[in-house]
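The values are calculated or read from the model by the stated rules, or taken from the named source; none is laboratory data. Values in this document were obtained by computation on a predicted structure and should not be read as measured data. Every residue, glycine as well, gets a Cβ built from its backbone with ideal geometry; the counts of neighbours run over all protein chains shown.
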Amino acid sequence: MARPADPARDAAACAAVYAPAVTDGFASFEAEPPEAGEMAVRIGGAHAWFVAERDGAVTVACDSAVLAHELDLMSELVVGQLNATLGRPAVKRLRTRATRT
């Protein structure tokens, strides 16, 4: 079920999802991945963020098809980082979808 992202509740997990795109990918122009505090500021920013999880599958809506594809290719790494951030093996797989091309 999708719900609006809550900066306090979701910032660390959103930062964990995005970090591999910065450190290991090519779709982001950021030099360093944002920390949870910075991600909380972004979540509370101008446009709505949504998070979705169902039966251990986390769906990530990406602003670009390139980022969605990159996260899909790195899904094993992202799932590992998410579970490490959560402190338990709650996420089984990552799904991505592009909201823009």
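Things worth noting here:
- Where a residue in segment 44-68 is free of Cβ contacts under 8 Å to residues at least 40 places away in the same chain and of a type in the set (Lys, Arg) and its partner, wherever it lies, is surrounded by fewer than 12 Cβ atoms within 10 Å (Cβ to Cβ) and not in a strand (DSSP E or B), with Cβ under 7 Å and at least six apart: none
- A search for C-beta distances below 7 Å between a residue of segment 21-41 that is closer than 16 Å to Leu67 by Cα and free of Cβ contacts under 8 Å to residues at least 60 places away in the same chain and any residue that is part of a helix (DSSP H, G or I) and of a type in the set (S, T, N, Q), counting only pairs 6+ apart in sequence or on different chains, returns Pro33/Thr23.
- Criterion (among the β-branched types (Val, Ile, Thr) and either modelled with pLDDT of 85 or more or touching a Phe, Trp or Tyr at 6+ places or on another chain (Cβ under 8 Å) (or both)) met by exactly one of Thr59, Thr99: Thr59
- Taking residues in segment 80-101 that are at negative phi, and partners anywhere that are outside any loop (DSSP other than H, G, I, E, B) and exposed (fewer than 12 other Cβ atoms within 10 Å of the Cβ), the pairs with Cβ atoms closer than 9 Å and at least 6 places apart or on different chains are Leu94/Glu76.
- Some residue of segment 45-54 being of a type outside the set (Lys, Arg) and at pLDDT 90 or above: no
- Boolean, Arg42 is surrounded by 16 or more Cβ atoms within 10 Å (Cβ to Cβ), modelled with pLDDT of 90 or more and among the basic types (Lys, Arg): yes
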